[in-house]
Amino acid sequence: MSTCVTVTLTVNGTEHQLEVEPRRLLVHALRDDLGLTGTHVGCDTSNCGACTVHLDGQAVKSCTILAVQAEGAQITTIEGLGTEGGLHPLQEAFWNEHGLQCGYCTPGMIMTGAALLAENPNPSESEVRRALDGNLCRCTGYHNIVRAVLSAAEAQAAVAS
């Protein structure tokens, strides 16, 4: 018999109250309880980064965080990054630079890249590679992924000036 607890999460700007087992991972709460399946489960061991979301503005692997640990947090998933009418500049850059192949790693790569650009709007290629080193692409699309992050940085700089 398991005891559930109530957890309040604000996901993509909407507050949700969920009844979860204390051992429920955040990734499963997002996917299974809230239906936000853009956050992928790749390994359940924090090695691949497919489950990366923003927790209070920081990129985190949601397979390493319990839902109860995210109580009261602001969470952004890939679904909350862009809008229905327009892609986020990083999503647009992934499209334009062919930064995706099978697409499985793409949400995690984009969320990690977005956190990098929020912290460092003009990263070097080596800084992008270092930021993405915790995310795996099984299709080996790294060159295009790095190019997409750098392209998004350029696009955001052009808009800002």
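Evaluate the distance, in nm, between pseudo-label points positioned 7 Å from the Cα of Glu127 and of Ser161 along their respective Cα→Cβ axes.
Placing both labels 7 Å along Cα→Cβ, they lie 1.6 nm apart.
Evaluate the relative contact order of region 52-161 (contact order divided by residue number), counting alpha-carbon pairs under 8 angstrom at least 6 apart; express in whole percent. Write out the running numbers ahead of the final one.
On the way: 134 pairs, mean separation 33.3, N = 110.
Here the relative contact order equals 30 percent.
Running a GNM on the chain with Cα contacts under 10 Å, which residue among Arg31, Arg130, Arg147 ends up with the highest mean-square fluctuation?
Answer for the Gaussian network model of the chain: Arg130.
Could you list the residues of region 96-126 with an amide nitrogen less than 19 Å from a label point located 7 Å from the Cα of Asp44 in the Cα-to-C-beta direction?
Taking a point 7 Å out along Cα→Cβ of Asp44, the residues of region 96-126 whose backbone N falls under 19 Å are 105.
What span do the alpha-carbon atoms of the chain cover on each of the three principal axes, reported in whole Å from largest to smallest?
So the extents along the principal axes, rounded to whole Å, are 53, 33, 25.
The numbers here are math on the coordinates, done by the rules we state, and not lab data. What you see is a predicted model, and the numbers here were worked out from it, not measured in a lab. Cβ coordinates were reconstructed from backbone atoms using ideal geometry, including for glycine residues, and neighbour counts include every protein chain displayed.
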